[in-house]
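The values are calculated or read from the model by the stated rules, or taken from the named source; none is laboratory data. Given the structure is predicted, the values throughout are model-derived calculations rather than measurements. Counting neighbours? That spans all protein chains shown, and the Cβs are built from the backbone with ideal geometry, glycine included.
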Amino acid sequence: MIDPNLPGRAVIFDMDGVLVLSGDAHFDSWREVAASRGVALSRHRFNETFGRTNPDCIRMIFGDGIPEDEQLAIAEAKEASYRDAIRGRVPLAPGTMELLELLRSRGVKIAIGSSAPRANLDQIVDEGRIRHYFGAIVDGSQVKRGKPAPDVFLQAAHGLGVAPAHCTVVEDAPPGIEAALAAGMRAVGVATTHAEPELRAVGAHVTVNELKLLAGGEWGSLFQ
C-alpha cells in the first residue's frame with residue numbers, strides 16, 4: 001500500500017497512440033485477422049476498441065461466445081502481425097524523446113501503463129531505445145481488469161513508489177482517461193486517435209493534439 005502522503009511526482013504514459021503512433025499498424029493487423037474469419041472491420045469500429053485489452057477487442061469485433069482458446073489464437077495472430085509490421089521502424093511520436101528527457105531532467109519518475117501485451121512493449125522500448133527512461137512498465141497481463149478500470153495505472157504508480165494523487169497520466173483514448181480519473185490521477189489527453197472534445201467529455205484535465213506540445217514550456221507546469 002502506498003502512503004498517500006509520500007512525496008514525489010510521476011508521469012505514466014499509455015503506449016499506443018501516445019508514445020508511438022501505431023494506430024494504422026494495429027488497424028491493419030486487426031482487419032487482417034477479422035477478414036480471415038469473415039468479418040469486415042471498419043476504422044470507426046476499430047477506433048472504439050483502441051486502448052482496450054485483447055479480450056475486450058475480440059468481443060467488440062467478433063461478438064460474444066468465442067471460446068477462450070480461440071480468443072487466444074486470434075490475439076496471438078493479431079499481435080504477431082502487428083510486431084512484424086513495426087519491426088525495425090518503431091513509429092515513435094514526434095516529441096517523445098524530448099518529453100522523456102525533460103521529465104527526467106526535472107526528477108520526475110516515468111512509467112508505462114498499457115493494455116498491450118508485454119512482447120509489444122518490449123519491442124517498442126528496445127527498438128525505440130527508450131527503456132532506460134522508465135522506472136516501471138506495466139502491461140495488460142499484470143492486472144485483473146483492463147481500462148477503464150484503474151488497475152494498470154495503480155500498478156504503475158506502485159512500481160514507481162509514488163502515490164496516485166502525485167501522478168499524471170498521458171492517454172489518447174476515453175477508456176484510458178476514465179481509468180486515470182478512477183485511479184485519482186490527473187489526466188492529459190493527446191488527440192491522436194480521438195478528438196480533443198471527446199477526451200474532454202470524459203474528464204481529461206488538459207488536451208493537446210500532439211505529444212510534442214507537452215515538451216514545450218507552455219505545458220511544463222503540468223508535471224511540476
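Summary of values
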| read-out | value |
| --- | --- |
| Search result, residues across region 188-216 that are small (Gly, Ala, Ser) and crowded, with 24+ Cβ neighbours inside 10 Å | 189, 204 |
| Only listed residue being at pLDDT 90 or above and either within 21 Å of residue 177 (Cα to Cα) or in the same structural domain as residue 193 (by TED's automatic domain parsing) (or both), chosen from 104, 31 | 104 |
| Residue check, residue 190 within 23 Å of residue 122 (Cα to Cα), among the β-branched types (Val, Ile, Thr) and modelled with pLDDT of 95 or more | yes |
| Members of region 81-105 found to be under 15 Å from residue 12 (Cα atoms) and of a type in the set (D, E, K, R), listed by number | 101, 104 |
| Residues satisfying the stated conditions in region 2-14, i.e. modelled with pLDDT under 95 and under 23 Å from residue 140 (Cβ atoms) | 2 |
| Index of the failed condition, residue 109 passing every other in (1) surrounded by fewer than 17 Cβ atoms within 10 Å (Cβ to Cβ); (2) within 18 Å of the chain's Cα centre (by Cα); (3) among the charged types (D, E, K, R) | (1) |
| Selection status of residue 61, in contact with a helix residue (DSSP H, G or I) (Cβ under 8 Å, 6 or more places away or on another chain) and without any contact (Cβ under 8 Å) to a residue 60 or more places away in the chain | yes |
